[in-house]
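I have placed the structure first, in the form of structure tokens, so that the comments after it can refer back to it.
The values are calculated or read from the model by the stated rules, or taken from the named source; none is laboratory data. Since this is a predicted model, take the numbers as computed values, not measurements. Reconstructed Cβ throughout: ideal geometry from the backbone, glycine too, with neighbour counts over all protein chains shown.
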Amino acid sequence: MATVLLLTGVVLLVGTAVVTTRAPDAPPTRPAVSGNGAPVEPQVSGAALDKVIETAQQRLRQLPTDWSTWARLGSAYVQQGRGTADPSYYPKAEGALRRSLELEDGTNWQAMAGMGALANARHDFHAALDWGRRAEKANPHAGAVHGVLVDALTQLGDYDGARTALQRMLDVEPGLSAFTRASYDFEQRGEVTAARDALDRAMAGAVTPADLVFCRYYLGELAFNTGDPVEALRQYDAGLKADPDYRLLYAGRAKAKAAMGQTSDALTDYDRVVQALPLPELLAEYGDALTAAGRPDQAREQYHLVDTARQLQGQNGVADHLGAAIYLADHGEPAAALAEAETEWKARRSVLAADALAWALHRNGRDSEALDFAIEATRLGWRNATFYYHRGVIRHALGDRDRARQDLRTALEINPHFDVVQAPLATQLLDSLGAGR
């Protein structure tokens with residue numbers, strides 16, 4: 001049966017070949033990448049964002065009580081922090097947004113939504129939900145408000161609530177921002193064709209180079225995650241032709257090239273992107289690529305930088321327990337991984353948190369407990385190769401060879417290149433169980 005999302009005056013039919021709606025009328029706000037596997041906001045070009053900040057600062061020097069400009073400045077700082085991977089912008093954002101709310105707190109939905117976006121960026125999803133609800137009461141007709149709610153509810157594991165918020169967003173602003181969030185919603189539920197259709201619709205309505213490259217990046221991610229690095233590379237390269245400064249495209253291209261055996265080129269792209277975007281997840285990815293390439297000393301340098309980047313995030317209010325749990329579990333610190341995963345699971349009950357806890361429990365030899373969480377991680381039907389790999393390894397540890405074989409085969413059918421280090425281990429384990437792929 002086709003999944004139906006209603007738009008203003010039309011229906012988006014997903015699971016069929018039909019997708020109809022009007023052209024987007026809002027700028028993109030789907031989250032781009034994070035250690036949570038969730039979207040982060042797409043970025044305005046650095047020069048354009050600098051201009052927004054400069055203009056707002058100039059106006060506030062003349063009109064220091066202009067609460068709407070304080071809200072605009074705070075939201076720009078949030079984007080700047082994401083775009084530069086520099087979390088020191090987040091305290092600046094909070095200061096500007098709180099100043100805006102001090103000047104006007106009743107109708108100031110812009111600052112409320114900005115606080116929600118900031119909380120999402122810091123992985124404080126409960127606070128983001130609270131701010132989103134306040135903003136919704138102040139202005140239920142703003143797509144950005146519902147975007148904050150979609151992101152927070154998704155990360156908290158309230159997938160039905162997230163879809164309801166997404167429907168409202170589609171109703172009030174059926175633009176690129178809503179379509180890209182719809183794509184992620186469908187992908188999590190295993191509806192890959194629907195996810196691709198939503199991104200195609202988003203790209204059809206893209207009106208700026210920034211919109212276009214954002215869609216290209218996500219089409220590349222979707223292709224890679226479903227086991228097609230050739231198509232992924234095509235999308236990343238197309239995006240780079242439109243905007244060679246969109247840095248995440250180099251990370252995607254590196255991942256695709258590594259999958260295709262182009263190791264030297266992949267490492268060059270990884271080095272390029274981490275120089276500009278030293279995000280913990282990208283540094284870890286680069287380190288793993290160096291490990292797979294037989295360069296352990298260089299890999300250790302990147303792993304050290306992961307710790308530095310996480311410390312900087314923590315100092316500026318970012319608490320990524322999920323990303324830390326997976327990283328620590330895969331890099332020889334099982335006890336610390338479990339502490340991070342348990343903290344994350346107490347805060348939110350998402351399938352990503354369930355997978356992280358399952359894997360951390362496995363790394364600590366607690367496989368009977370781990371299996372329950374590994375099963376929970378796959379409850380939505382997400383075609384996530386890592387989830388099935390983790391569940392297969394846990395089942396193998398428990399002596400369930402048949403189901404372990406089935407899960408490992410599923411992981412490698414979804415994406416035989418899902419992880420530059422773990423995917424070869426999945427292949428080895430499956431081969432050891434016989435009746436390979």
Do any helices (runs of 4 or more DSSP H) lying entirely in the stretch 282-366 carry at least 2 residues that are without any contact (Cβ under 8 Å) to a residue 40 or more places away in the chain and under 21 Å from residue 378 (Cβ atoms), and which ones are they? 321-330, 334-347, 351-363
Identify, from the list 329, 347, 370, 356, the residue that is surrounded by 21 or more Cβ atoms within 10 Å (Cβ to Cβ), within 26 Å of residue 116 (Cβ to Cβ) and not assigned by TED's automatic domain parsing to the domain that holds residue 162. 356
If I go through the stretch 90-114 residue by residue, how many of them are touching a residue at least 40 places away in the same chain (Cβ under 8 Å) and in a helix (DSSP H, G or I)? 6
Which members of the stretch 200-243 meet the condition of being of a type in the set (Lys, Arg), closer than 24 Å to residue 83 by Cβ and in contact (Cβ under 8 Å) with a residue 12 or more places away in the chain? 216
Would you point out the residue of the stretch 339-350, among those that are more than 18 Å from the chain's Cα centre (by Cα) and acidic (Asp, Glu), that is farthest from residue 319 (Cα to Cα)? 342
Return the total of residues in the stretch 151-162 being touching a residue at least 40 places away in the same chain (Cβ under 8 Å), farther than 25 Å from residue 208 by Cα and in a helix (DSSP H, G or I). 4
Taking the stretch 271-315 and keeping residues closer than 19 Å to residue 119 by Cα and either more than 20 Å from the chain's Cα centre (by Cα) or surrounded by fewer than 18 Cβ atoms within 10 Å (Cβ to Cβ) (or both) leaves 311, 312, 314, 315
For the stretch 57-68, pairs from a residue that is crowded, with 16+ Cβ neighbours inside 10 Å to a residue that is modelled with pLDDT of 95 or more and assigned to a helix (DSSP H, G or I), with Cβ under 6 Å and 6 or more apart or across chains, are 59/69; 60/69; 67/100; 67/103
Consider residue 353 carefully, then state whether it is of a type in the set (A, V, I, L, M), at pLDDT 95 or above and more than 16 Å from the chain's Cα centre (by Cα). no
Here the residues within the stretch 133-142 that are surrounded by fewer than 24 Cβ atoms within 10 Å (Cβ to Cβ) and assigned to a helix (DSSP H, G or I) are 133, 134, 136, 137, 138
Inside the stretch 413-433, can you point out the residues that are over 24 Å from residue 372 (Cβ atoms), assigned to a helix (DSSP H, G or I) and among the aliphatic types (A, V, I, L, M)? 423
Can you spot a residue in the stretch 26-39 that is out of contact with any Gly (no Cβ under 7 Å at 6 or more places or on another chain) and at pLDDT 85 or above? no
In contact with a helix residue (DSSP H, G or I) (Cβ under 8 Å, 6 or more places away or on another chain), buried (at least 24 other Cβ atoms within 10 Å of the Cβ) and part of a helix (DSSP H, G or I): is that true of residue 119 in this structure? yes
Report every pair of residues separated by at least 6 positions or lying on different chains whose Cβ atoms are under 8 Å apart, first residue within the stretch 395-416 and more than 28 Å from residue 258 (Cβ to Cβ) and at pLDDT 95 or above, second surrounded by fewer than 17 Cβ atoms within 10 Å (Cβ to Cβ) and polar (S, T, N, Q). 398/368
If a residue has to be closer than 22 Å to residue 331 by Cα and among the charged types (D, E, K, R) to count, how many in the stretch 249-300 make the cut? 8
Scan 160, 130, 197 and give me the residue that is over 26 Å from residue 83 (Cβ atoms), surrounded by fewer than 24 Cβ atoms within 10 Å (Cβ to Cβ) and in the same structural domain as residue 95 (by TED's automatic domain parsing). 160
So how many residues does the stretch 165-179 have that are touching a strand residue (DSSP E or B) at 6+ places or on another chain (Cβ under 8 Å) and either hydrophobic (A, V, I, L, M, F, W, C) or at pLDDT below 95 (or both)? 3
Just one of the numbered conditions (1) at pLDDT below 95; (2) over 21 Å from the mean Cα position of the chain (by Cα); (3) buried (at least 22 other Cβ atoms within 10 Å of the Cβ) is not true of residue 211; which one? (2)
Residue in the stretch 381-412 that is surrounded by the fewest Cβ atoms within 10 Å (Cβ to Cβ), counting only those that are among the charged types (D, E, K, R) and either more than 25 Å from the chain's Cα centre (by Cα) or part of a loop (DSSP other than H, G, I, E, B) (or both): 402
